[in-house]
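S.K.: Structure provided below as C-alpha cells; questions to follow.
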Amino acid sequence: MKAAKFFEMSTEELKRTLDEKKADLFTLRFQHATNQLENPQRLVECRRDIAKIMTILRQRELEISFEPKAPAKKGSKK
C-alpha cells in the first residue's frame, strides 16, 4: 500500500490497521514455515506496510509534519 494512503488515515485507523497487519504477518510467517505460502513477496510487503505505519505514528507523536513529494515533471529544464 502506498504511504500516501496511510497519511490520509486517522491515528485510530492506523493503530487498527497496524494490529491487522501484525496478525497478517504472523499468519504469513506460519504459512511460510509450513511451505503453504504461495507468494513470498507478501511477507516483504506486509513488513514494509508495518514499517510505514509505525513511522507515521511516530511522526505524529513527535508532531513532525511531512508531506509526500510530488513527482518531478520530466522535460522542463531551465
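The values are calculated or read from the model by the stated rules, or taken from the named source; none is laboratory data. Because the structure is a prediction, the values reported are computed rather than measured. Here Cβ is always computed from backbone atoms with ideal geometry, including for glycine, and neighbour counts include all displayed protein chains.
S.K.: For residues that are among the hydroxyl-bearing types (Ser, Thr, Tyr) and modelled with pLDDT of 95 or more, scanning just the stretch 1-33, find the one that is farthest from residue 53 (Cα to Cα).
M.R.: Filtering the stretch 1-33 for residues that are among the hydroxyl-bearing types (Ser, Thr, Tyr) and modelled with pLDDT of 95 or more, the one farthest from residue 53 (Cα to Cα) comes out as 27.
S.K.: Looking at the stretch 12-66, which of its residues are touching a residue at least 12 places away in the same chain (Cβ under 8 Å) and among the β-branched types (Val, Ile, Thr)?
M.R.: Matches in the stretch 12-66: 17, 50, 53, 56.
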